[in-house]
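Q: Would you mind keeping the following structure in view while I ask a few things?
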Amino acid sequence: MASFAVTGAPELILIDPLAPADAEALWPALDRLVEARETQAIALFVTIHYHVRSVAKVHRRYRDRLPVSVHGHPSIADSLGRDVPLDPIEPGESLPAGARAFAIGSPRRRETPIYLPHRKALAFGDAVVGVGGELQVWEDTDGGRRDDWYRNRFLPTLRPLLELDTEHVLVTHGPPAVGNGGEQLAAALRAPPWNLRTA
């Protein structure tokens, strides 16, 4: 799983922060970003509830140095610990660095893509992945009702994301689309879905 640090705003944005078991290289690099002159606060964004693993650890490490906020679906609150407050994400609400959250799925998923306008970057949890040098929508289909749901209920919730001015699509599984993210996302929505069984 990949995570991202996004600079260029008063807030340092950490998307799905993940500290590996051997984090010797991670902490000094992250410390430098936190200690940078322009960093006034830290915002941790959790795109999907499965990606909460290291959020509390990162929050606890930096909360005495700078204001640190955690933003994600309300379902992650119990995984954070009582000492790590959650600012639940509601699509349409104001977020640090001018970020915008989007609801996807019908019914709505617990995944919340995040758009960072200052970097023209769109971050996904699991709905979109990088496979073979291109983006793919990750969804299990079955050749029947599940295919119908995918085409008629799920894809329509992703299509509004194509209207964003997106240059980069940050995915937590596989390589991100850097520089041509909007075009790659459009191609992914036209292509059949990808899943582990068909890989």
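Derivation of every value follows stated rules applied to the coordinates shown; laboratory data play no part. Given the structure is predicted, the values throughout are model-derived calculations rather than measurements. Here Cβ is always computed from backbone atoms with ideal geometry, including for glycine, and neighbour counts include all displayed protein chains.
Q: Please list, ordered by chain and number, the residues whose modelled amide H lies under 5 Å from the amide H of His73; skip anything fewer than 5 residues away on the same chain.
A: Ile89
Q: Work out, in µm²/s and without decimals, the Stokes-Einstein translational diffusion coefficient of the chain at 20 °C, 1.002 mPa s, Rh from Kirkwood over C-alpha pairs.
A: 124
Q: Okay, next question. Take the alpha carbon atoms of region 109-125, find their center, do the same for region 129-157, and report the distance between the two centers in whole angstrom.
A: 18
Q: Still on this model: Please say if region 48-99 is rounded, prolate or oblate, where rounded means a/c under 1.5 for a ≥ b ≥ c the square roots of the C-alpha gyration tensor eigenvalues, and otherwise the choice is prolate for a/b larger than b/c and oblate otherwise?
A: oblate
Q: Going by Cα centres, region 162-185 and region 1-59 are how many Å apart?
A: 20
Q: Going by a ≥ b ≥ c, the root eigenvalues of the Cα gyration tensor, does region 1-50 fall in the rounded group (a/c under 1.5), the prolate group (a/b larger than b/c) or the oblate group?
A: Oblate shape, in that a/c is at least 1.5 and b/c is the bigger or equal ratio.
Q: List Trp194, Trp27, Trp149 from most exposed to least, where exposure is judged by having the fewest other Cβ atoms within 10 Å.
A: Going from sparsest to densest Cβ surroundings: Trp27, Trp149, Trp194.
Q: Nearest-5 percent of antiparallel DSSP beta bridges in the chain?
A: Among the beta bridges of the chain, antiparallel pairing accounts for roughly 45 percent.
Q: Next question. For Val178 paired with Leu196, estimate the spin-label separation in nm (one decimal), with each label point 7 Å from Cα along the Cα-to-Cβ line.
A: 2.8
Q: For Arg108, Arg145, what ranking results if the residue with the fewest other Cβ atoms within 10 Å of its Cβ goes first?
A: By the 10 Å Cβ count, ascending: Arg145, Arg108.
Q: Taking only DSSP H segments of four or more residues, each worth -39500 (n - 2.57), what value at 222 nm results for the chain once the sum is divided by all its residues, to the nearest 500 deg cm²/dmol?
A: Rounded to the nearest 500, the figure is -5000 deg cm²/dmol.
Q: Compute a Gaussian network model of the chain, connecting alpha carbons closer than 10 Å, and tell me which residue from Gly72, Gly132, Gly105 fluctuates the most.
A: Gly132
Q: Residue by residue through region 43-48, which ³J(HN,Hα) values in whole Hz follow from phi under the Karplus form 6.51 cos²θ - 1.76 cosθ + 1.60 (θ = phi - 60°), with glycine and proline marked x?
A: Once θ is set to phi - 60°, the couplings for region 43-48 become 10, 9, 10, 10, 7, 8 Hz.
Q: Hey, another quick one. Let me know the volume per residue of the alpha-carbon convex hull for region 70-143, in Å³.
A: Considering the Cα atoms of region 70-143, their hull volume per residue is 135 Å³.
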